[in-house]
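Colleague: Have a look at this one.
Please treat every number below as a calculation from the coordinates, not as lab data. What you see is a predicted model, and the numbers here were worked out from it, not measured in a lab. Ideal geometry is used to build each Cβ from the backbone, glycine not excepted, and the neighbour counts take in all protein chains shown.
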Amino acid sequence: MKKAKVNKGQIVIVSGPSGAGKSTICQRVVEMLDEACLSVSVTTRPKSKTEKDGIDYWFISKKEFQDRIDKGLLLEYANVFGNMYGTPKDKVDEILKAGKIIILEIDVQGARQVKAVYPDAIMIFILPPSEKVLAERIANRGRDSSDSVELRLDGANAEIAAARQYYEHMVVNEDLQQAVNTCVQIIRQARA
Ligand code: 5GP
């Protein structure tokens, strides 16, 4: 009797400086790949006016965050621009068990932690078309104070330098749909 093909679960890590457009890319990738979903991180960062709890992030206190670390509930976590961010382990385990794809939109520090546990994780880094465009995008987001814009821009340059040595795939977000298509292709190829 022919055995049914069982799909292996797949972790896809998508990183990139804030303002590179990775959230939009991740959402579009999920729309194009039936079996893919997005991980929702926990964070101690304050919620912006446009964000929704449980959709963009789970917004939690520092104490709750520490509790989750202590209980081993996070697959990875990192301090990014002075706030804590982490990936809940339960959702990742559930999706992998179901043989589906889970996309983690996380920073370079977190990516390294995940890759250490799941060496098969696909690593994609989204680059802005230029530093000028990146600075404009960060400033236009309106969520940040001017201090924080500078912090994010410095952080972005450091992150890009680290990523060039570490990530398997670098995707430039010059044309959004093209960047999305490239990410989908990378994921499909890895699963073929
Ligand atoms: P933002 O505050 O702009 O939403 O995110 C700031 C940075 O935190 C981004 O680089 C984003 O990828 C990263 N980030 C978001 N969630 C997580 C997470 O769960 N873990 C880690 N390590 N980084 C995260």
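Colleague: Multiplying the sequence separation of S130 and Q177 by 0.36 nm and subtracting their Cα-Cα distance, what value in nm do you get?
Modeller: Length gained between S130 and Q177: 15.2 nm.
Colleague: For A161 and A116 in one chain, what is 0.36 nm times their gap in residues minus the Cα-Cα distance, to one decimal in nm?
Modeller: 14.2 nm
Colleague: Assign unit charges at the C-beta atoms only (+1 for Lys and Arg, -1 for Asp and Glu), then state the dipole size of the chain relative to its Cα centre in Debye, rounded to the nearest 20.
Modeller: Charge dipole of the chain: 660 debye, to the nearest 20.
Colleague: Looking at region 10-191, what % of its DSSP beta bridges pair antiparallel, to the nearest 5?
Modeller: Counting DSSP beta bridges with both partners in region 10-191, the antiparallel share is about 30 percent.
Colleague: Related question: Pull out the extension gain between C37 and K63, defined as 0.36 nm times the separation in residues minus the alpha carbon to alpha carbon distance; nm, one decimal.
Modeller: Full extension from C37 to K63 adds 6.6 nm.
Colleague: Per the Kirkwood treatment, what hydrodynamic radius in Å, one decimal, follows for region 10-191 from the mean inverse distance over all distinct Cα pairs?
Modeller: Evaluated over region 10-191, this radius sits at 16.7 Å.
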